[in-house]
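Participant: My questions will all concern the structure given below.
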Amino acid sequence: MSRVLDHFNHRLADLLVRHRGLCFLCTFALTIVAAVYLIGYQPLKYNRSMEGFFPKHDPALHTYQKNKEWFGGEATLLVAYRDSDLWSTAGMRRQEQLASALRNLSDLGVKAVTSLAESPAPERPWLTIAEVVEQDPNHLARLQELVRAAALYQGVLIADDLQTTALLVQLRERFNTSEDLGRCLEAVRNTAKEVLARNGPETTNPAVVGTHLLIHDVYEYTEADGKRLQVLSVLFMGVVIAIFFRSMRWIVLPLLVIYAALFWAESLWAMWRGELTMVSSAISSLVAVIGVSTVVHYGMHYRELRHHQDSVSALRETLCVMNPPIFWMLMTTAAGFGSLLICELKPVHDFAWIMVMATLLTGVATLGFMPFMVLGLRTQDRLEVPGRNLLSRLLDAGLRWVQHRPGSTMTALLVPALGIASGVFWLKPQTDFTNNFRRDTEVFQAYSFVESQFGGAGQLDVVFSCPDLLQLPEAELQAYLDRLRQLETELKHLRIADGSELAGITKVLGLADFLDFFEQSLSGLDRSLAATAKRLFNQRLRIQVLTGDVSEARKALKDAAGLLDGFAGRLLKPEQREAYKRQLAQVEKQLARFEQSPPGKHFWNRSAGKMRITLQTRERLSGPQKVALIAAAEQKAGEILGPDSQPQATGIYLMLTRLITNLLGDQRMTFALALLFMFVMGLMAFRNFWLAAITMVPTVVPIVAILGTMGWFGLPINIATAMLASVAMGMTIDSSLLYIYRFRRERDSGLDFATAIQRTHCSTGLALVVANIALVLGFAVLAWSRFIPLVHFGILTGLALIGGLLGNLLLLPLLLSLAPGIKGPSQSGPVPKQPQGLEPSGPESANSPHPTPPSAG
């Protein structure tokens, strides 16, 4: 089998060199075709929905989607601001102007706007709060206390300080495209800023929050970062190549490889799935890192051979010698990404597929472009790598130092690393999704403002089955509503088994709150009208009005107006009769509002037989606290409403909690799977248990140390760092594979152990240094992202690569000397004599020719 593979490898190398022009043209043509298809016919778009985070078979996702279908979803924005002069005619007018400006965005997707100024005043519902402020400014304290006590207003439209207020902006449930939704969201945010900016210093900048806007900002930031960071990563790594290669062809070659692999992979993905998700913004930077690393390893070996071979022979031998280790290098990198396919999170799953394809296609693009780029241009090679002699001497000195102190070196490297690694037991997931943004971003500041002023920015829904309220007898209906009120009361003070109260729920809102406000409003009518109004507007009729069916209520108002115009009305004083008529006109106005935007439909769906209660929750709780809160809410609903109600918690709060709490489990599973993949591939590459095991040590130790450091310093696991172990392992093991491949080749040529290690260290070790400098710079650009998970991913992966490089240069030579059967005499005879004048002298000339490379075995 080995001979067959060797023969195939030689034939492939010869074919690529002989037909390099044709290979270049074909590869370039495929790249152009993929680019045209991707840009002109099937552009990839980001899936910006909450559903895009989860697999379609997820039962929690099904409940979330049904909740949106039953109650209109979460297409709501909160526009909050502080107005020091809110309780004045000018302050109320400002809010009315803002509400009117937002309603004018109906063509873009704004469906309705609810403001405090335009809401019914407690005890005087025929007037709005703004009208009461204007007509009765001497009793503002009483009005403020009533508003603060109203469950529909406090914590929703007004904060405890009575100066921070909010408008509820309801959007269309469906938009044709994510771009249409994005334009609507940005229009709401910009309009709020413009209107409040025109009204002087009394108001602060608006804080606009909402599920749709949160997801929109995630993708806006990551998509913009992806384009910017791709340019930066290519630029930084291009500078490294320019410094070490000083040749335009070697600068252009990685660009061709990167964009070919990127276009091919994304066009295949467009044909298969056709959408990108949040983590996809890092794809271009990662492909750039892999492409540059591949080209650097081929290039360093080619330049080593060019000192004593012509360009064609050197390139042919480079392909023969480097194809096997580069193949396994790309396979292990792809395996690292492939281990992420077991993740339940859809963004990670889709990211893994694209990166597996892009990684493997990087090798194809390199073989297609490199022969012509190296030989097809008639320019003189610059064979010397700047600083090569100095780097080689430093590497040689480091090797000698390590070999003279093997025990202390291994102790100094492994003991602290293992101690630091113990921090993995303290790893915790990122529990607040808004902390994924930099603190200076608008979305973070907006959520912080709402969280502090309104008691929480999270929304948890408890959905349950309920009877048809309109068909229940009055007594049964009243009993059921009493149970709903009891449930709301107890949800505010949830307790766990040991009796301690669960913190986190700051407000509970349901249909019963609207009915209570209805009762309070009717009680505010004139005493002679209140009793009649309550009799006419019984509980059943109130529920009808709240759900938008106002026909019967209008008929009752018409009858009441007829009484005022008839005999009963003539018994009243004219001014009293006119006052009653004005009140009835205001009630009719409120009925029109209920008909246009019925609040009850957001809490009860008669046809589906479902009801929900909404809990306002604090976002900044730990993962276990959120899980306990959700479970306790479901349990309490079942206890009060009975098992037939089948209560289920759902909503954005639960979905993000599931996303966060699954991260740690996914990381453990992907790490274990990646570890298995790496070891199996090491066995396949070397067919030697000890060599496969040795490759794992410099790979695993720095990664476990990085994870431990995260635990010690309290860095949370987020959606990007959950991929850290698998991705970093797939990249750090590449250095071990290349090092051991070169060492095996030197040993098979007849060199003794010490000479083989020394030559490997000063040749492949130099290539590893150059490649890892480029890789670390490529990952470092992620530190400029506005999305914190990508920042952590870039920095920590870069540190893992540095740790892997140190492990390969300091630890790997010692491990090879300890492995059974590795340090014994070579089986291949003496070293072939070098041609006259080309014998290596000194550590920097580790460049002995090997016209017939050994097999992978």
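The values are calculated or read from the model by the stated rules, or taken from the named source; none is laboratory data. Computed from a predicted structure; not experimentally measured. Positions of Cβ are generated from backbone atoms using ideal geometry, with glycine treated the same way; all protein chains shown enter the neighbour counts. With ligands, DNA and RNA removed, areas are computed over all heavy atoms of the protein, side chains included. Shrake-Rupley method; radii C 1.70, N 1.55, O 1.52, S 1.80 Å.
Participant: Can you give me the Kirkwood hydrodynamic radius for the range 721-801, using every pair of distinct Cα atoms, in Å to one decimal?
Facilitator: Hydrodynamic radius (Kirkwood, Cα only) of the range 721-801 equals 14.0 Å.
Participant: Among all the aspartates and glutamates, which ones have a C-alpha under 15 Å from residue 507's C-alpha, if same-chain residues fewer than 8 places away are not counted?
Facilitator: The reachable aspartates and glutamates, counting only those whose Cα sits under 15 Å from residue 507, are 160, 451, 461, 488, 490, 619.
Participant: Which order, highest average first, do 412-425, 285-298, 461-474, 340-353 follow once you tally other Cβ atoms within 10 Å for each residue and take the mean per peptide?
Facilitator: Highest-to-lowest ranking by the protection proxy: 285-298, 340-353, 461-474, 412-425.
Participant: Quick one: accessible surface of residue 70, probe radius 1.4 Å, all protein chains present, in square angstrom to the nearest 10.
Facilitator: 50
Participant: Add -39500 (n - 2.57) for each DSSP H run of 4 or more in the chain, then divide by its residues: what number comes out at 222 nm, to the nearest 500 deg cm²/dmol?
Facilitator: It lands at -21000 deg cm²/dmol.
Participant: Let me see the pair-distance distribution of the range 430-494: every alpha carbon pair, 5 Å bin width, integer percents in order.
Facilitator: Whole-percent P(r) values from 0 Å outward: 3, 13, 15, 15, 11, 10, 10, 9, 7, 5, 2, 0.
Participant: Something else about it: Radius of gyration and Dmax for the range 141-297's Cα atoms, expressed in Å?
Facilitator: Over the range 141-297's Cα set, Rg and Dmax evaluate to 24.6, 80 Å.
Participant: Among 221, 81, 259, 41, what's the order by accessible area (1.4 angstrom probe), most exposed first?
Facilitator: 41, 259, 221, 81
Participant: Using a 1.4 Å probe on the protein heavy atoms only, what accessible surface does residue 37 show? Give it in Å² to the nearest 10.
Facilitator: For residue 37, solvent-accessible area is about 70 Å².
Participant: Over the chain, what is the relative contact order in whole percent, taking alpha-carbon pairs under 8 Å and six or more residues apart?
Facilitator: The normalised contact order for the chain reaches 20 percent.
Participant: Given the convex hull over the Cα atoms of the range 398-476, what projected area results after averaging over all orientations, in nm²?
Facilitator: The number I arrive at for the range 398-476 is 13.2 nm².
Participant: Local charge sum around residue 548 (other residues, Cβ-Cβ under 10 Å, Lys/Arg +1, Asp/Glu -1)?
Facilitator: Charge balance in the 10 Å sphere: -1.
Participant: OK, next. Using just the alpha carbons, could you tell me how many Å³ per residue the convex hull of the range 217-325 encloses?
Facilitator: 109
Participant: By a straight-distance test (C-alpha under 19 Å), which lysines pair with residue 227 as possible cross-link partners, with residues fewer than eight away in the same chain excluded?
Facilitator: Within the straight-line cut-off, residue 227 pairs with 45.
Participant: For residue 134 and residue 18, what is the calculated FRET efficiency with R₀ set at 60 Å and r taken between the beta-carbons, to the nearest 0.05?
Facilitator: So the FRET efficiency works out to roughly 0.10.
Participant: Any chance you could list P(r) for the range 692-765, counting all Cα-Cα pairs in 10 angstrom bins from zero, rounded to whole %?
Facilitator: Answer for the range 692-765: a P(r) of 18, 36, 24, 15, 6, 0 percent.
Participant: Which entries of 581/601; 111/346; 558/589 have Cα-Cα distances beyond 19 Å here?
Facilitator: Beyond 19 Å between Cα atoms: 581/601; 111/346.
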